[in-house]
Amino acid sequence: MRIDIITLFPEMFAPVLGESIIGRAQKSGAVEIHTHQLRDYALDKHRRVDDTPYGGGMGMLMKAEPIALCFEAICAEVGARPHFVYMSPQGKTLRQQRLRELAEATENICILCGHYEGVDQRVLDRYIDEEISIGDYVLTGVLYRGEPLWRSARISAVHQARRVARHGGAGDPAQRSPSKHRKMAA
């Protein structure tokens, strides 16, 4: 099986994928994993892969063009169209049964790692076969001015419900705990 990963941070994958069970699987030839730097497919001299949403709204989206160029290069390298998965909080939660199904049904999988506020809708409509979520949490947990740096409707709703339950409706972290959160917001 071949797995291609499209990401803005390929250097984060090498230490994890080279160790333990996955590392042994690669050494034995059972699986072949390739990471691809999305910025290498950007069209401008600054290698930008993000843009503001055309319909307005907060945040930035991953551009369609670099993703399409990268995926098409992978298709040409593999010689076939891999099953294309977008890791997204809006996707179905990943379960062991789905992993078994993918392993049995597909020889090549390409994974697009989400970033920013999401992906240009044209990519989802034309290229993505399936959206998968790994659960209702934020891995980096970075706060900026008291709010998660990366936000999604699904995760934000979960966090807001937890805030209300813990703090009796005080939604603004700066109002709840002056010492800790005001320092972080400053």
Rough spin-label spacing in nm, given labels placed 7 Å along Cα→Cβ, for S20 and L94 | 1.2 nm
Per residue, accessible area of segment 38-112 with a 1.4 Å probe, heavy atoms of protein chains only, in Å², comes to 59 Å²
Please work out the ratio of the alpha-carbon Rg of segment 4-137 to 2.2 N^0.38 Å and round it to two decimals.
-> 1.08
Those trypsin sites (Lys or Arg not before Pro) from segment 1-47 that are DSSP loop and have at most 14 other Cβ neighbours within 10 Å turn out to be K45, R47
With the convex hull built on the Cα atoms of segment 64-131, state its orientation-averaged projected area in nm².
-> 4.7 nm²
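The values are calculated or read from the model by the stated rules, or taken from the named source; none is laboratory data. Here the structure is a predicted model, which means the values were calculated and not measured. Virtual Cβ from ideal backbone geometry, glycine too; neighbours counted across all protein chains shown. Side chains included, ligands, DNA and RNA excluded: accessible areas come from the protein's heavy atoms. Shrake-Rupley method; radii C 1.70, N 1.55, O 1.52, S 1.80 Å.
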